[in-house]
Amino acid sequence: MTASTLTALISVSDKTGVVEFAKSLHALGIKLLSTGGTAKLLADQGLPVTEVAELTGFPEMLDGRVKTLHPKVHGGLLARRDVPEHMAALKAHGISTIDLLVVNLYPFEATVAKPGCTLEDAIENIDIGGPAMVRSAAKNWKDVGVLTDASQYAGVLAELKADGQLKDATKFALSVAAFNRISQYDGAISDYLSSLQNDGAHSLFPGQSNGRFIKLQDLRYGENPHQQAAFYRDLHPAAGSLVTARQLQGKELSYNNIADADAAWECVKSFDSLLGETACVIVKHANPCGVAIGVDALDAYTKAFKTDPTSAFGGIIALNCPLDEKAALEISKQFVEVLMAPAFTPEALAVFKSKVNVRILEIPLPTGGDSAAQQGRNLIDVKRVGSGLLMQTADNHEITLADLKVVTKLQPTPAQLQDLLFAWKVAKYVKSNAIVFCGGGMTLGVGAGQMSRIDSARIAAIKAANANLDLQGSAVASDAFFPFRDGLDVVVDVGASCIIQPGGSMRDGEVIAAADERGVVMVTTGVRHFRH
């Protein structure tokens, strides 16, 4: 079968590129069928097009709800050309084969994303005939090529022009893409409708959750070499998230690289470089081991590295500013697994050219906006537990100076308040129980992931001592309240002058009294940041 003997049915909601595509099909001698608005558009462009209503002998009905649900359409799509009985049935009923189907669906996802979308709007944008045709064509992939996105037009045209027909491998790939699209579409409908509540409002957590993820790559192995793994992204990823990264050089990312890189990137982008918060975050085993803000990339990195040079060895480094040659030369002195920034100067890339194993990722920062998604944030976090999922709204809460409540007799200085806010921002990204010492825009000691908060405090102090960092006058953040005064005594004993914590313990009074007794400042946030 050659292109000149083929018939294409075109029925698209999104008409991007369809006129040019149809013209190219016509130039190849392919007969054109179409529906409603698409048929009118093609006819207005001077293309010879047969309307489906003419093919079926029935007009479009019920405001366009019924137009392609007909044996002359589905018979032409589903008939197997290699089965004589199928072809005989087509002949007996006057049905012609359809060899190419071009369909994209009613814009359900875009409709329900609009503010003020009503249930009626949503229902009217549920496509029926389109998915039915797509399924028919995709099922009969050996005989029918099915296109569900404008991005497929160019490749299909190139193959038709070169070979006069589509290869089996191409038709199968198009079929898989078509079934994936139908799955995504049905999942979006299910999510929307099952989130509806009796009062018409929408629950954040629908009655059925339909995950829709696209595989980016297979990984060499998982968290450990005996585990298999792959990396997926959301169907519509948030701007400025790790999955939008472009790898400029280096080895393939591993499972652990990706997990650690995500922790580093989420932390560093919480600092606003436009407000002078040029930041560097160094992560090891999913925990920040050094965080700092500086006057430039070199200054921020140098300060972050000082916190824990031992742990920084083989770590993940993220910056929220372009990496220049000066900073690159300093970073290149260390062993680094992954280096991330929104941009790299040519001179910086040249520094790492000989270090072929260093994975360099360029990730554009989110441009900002009103919604969390526009700001590059997840809206919902998911954790796998056995045969189930835990779902929660993401921890996107940020505090300002106005949110802080001073609970001690001693009042904080402006410098202490800035150190406390910095420490609090870092503590949010440290595994619980978390204790973070900070001062002068850098971390001084980090205690992470201990079963006891007092042990996290001791470890943070030990880390600072090992790095020869002075904790006198430092600020301390605790991701959750102090259950007893002993944790406070530990941080004050090593030099802390001010503490930020959520508050809310039944022993808050005892802890605050201890702070007054020790002559230190304590402020509470009213917000906890557990990170398990």
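Please treat every number below as a calculation from the coordinates, not as lab data. For clarity, every value in this text was computed on a predicted model and none was experimentally measured. Positions of Cβ are backbone-derived with ideal geometry, glycine not excepted, and every protein chain shown enters the neighbour counts.
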28 Å Cα-Cα threshold exceeded, pairs from K326/K355; K215/K333; K139/K251; K383/K463
K215/K333; K139/K251; K383/K463
Residues V243, V144, V83 arranged by fewest to most Cβ contacts within 10 Å:
V83, V243, V144
If you count the DSSP beta bridges with both ends in the chain, what percent of them are antiparallel, to the nearest 5?
55
Taking every DSSP beta bridge with both residues inside the range 401-524, roughly what % is antiparallel (nearest 5)?
60
Mind putting a number on the dipole of the chain about its Cα centre? Charges go on the C-beta only, +1 for Lys and Arg and -1 for Asp and Glu, and I need it in Debye to the nearest 20.
1140
Among the trypsin sites (Lys or Arg not before Pro) in the range 83-156, which ones are in a DSSP loop with at most 13 other Cβ atoms within 10 Å of the Cβ? Mind listing them?
K142
Mind giving me the nanometre distance, one decimal, between the label points for E347 and T50, set 7 Å out from Cα along Cα→Cβ?
6.8
Once normalised by the length of the chain, the mean sequence separation of its alpha carbon contacts under 8 Å that are 6 or more apart gives a contact order in percent of 8
Mind checking which lysines have their Cα closer than 22 Å to the Cα of K114? Skip sequence neighbours fewer than 8 apart in that chain.
K15
